[in-house]
Amino acid sequence: MVDTPSGSVADHSDIFVQGYQPLKRKRHCMKCGFSDCAGASSKDYCRNPCADCNSLTCPGRNSARPTKDCKEGWKPTQRSKGKQRMI
């Protein structure tokens with residue numbers, strides 16, 4: 001039950017179905033951007049050209065930096081001049 005601005009009470013129980021879960025976002029390929037591409041599971045399976053540079057050999061966008069294009073996303077970041085982390 002929810003109070004509406006007019007003061008009446010609305011019953012939204014018909015909206016919630018028992019066992020219903022909201023739909024998940026469909027995965028898409030990070031190389032070509034299509035959701036029905038085989039690359040949606042792994043970029044290695046994509047046979048389409050890159051959406052950014054139109055190259056077949058490009059690895060596509062970096063999933064860790066999805067807002068950057070394929071060229072900028074794979075550039076190494078500059079670390080601070082402090083102590084380097086040993087691996």
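Table for the structure above
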read-out	value
Selection within the stretch 18-46 - surrounded by 11 or more Cβ atoms within 10 Å (Cβ to Cβ), in a loop (DSSP other than H, G, I, E, B), of a type outside the set (A, V, I, L, M, F, W, C) and in contact with a helix residue (DSSP H, G or I) (Cβ under 9 Å, 6 or more places away or on another chain)	27, 28, 31
Count of the stretch 60-76 residues which are assigned to a loop (DSSP other than H, G, I, E, B) and under 16 Å from the mean Cα position of the chain (by Cα)	10
Test: residue in the stretch 71-84 that is among the β-branched types (Val, Ile, Thr), loosely packed, with under 15 Cβ neighbours inside 10 Å and modelled with pLDDT under 90	yes
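The values are calculated or read from the model by the stated rules, or taken from the named source; none is laboratory data. None of the values given here were measured: they were computed from a predicted structure. Glycine also receives a Cβ, built like all others from the backbone with ideal geometry; neighbour counts cover every protein chain displayed.
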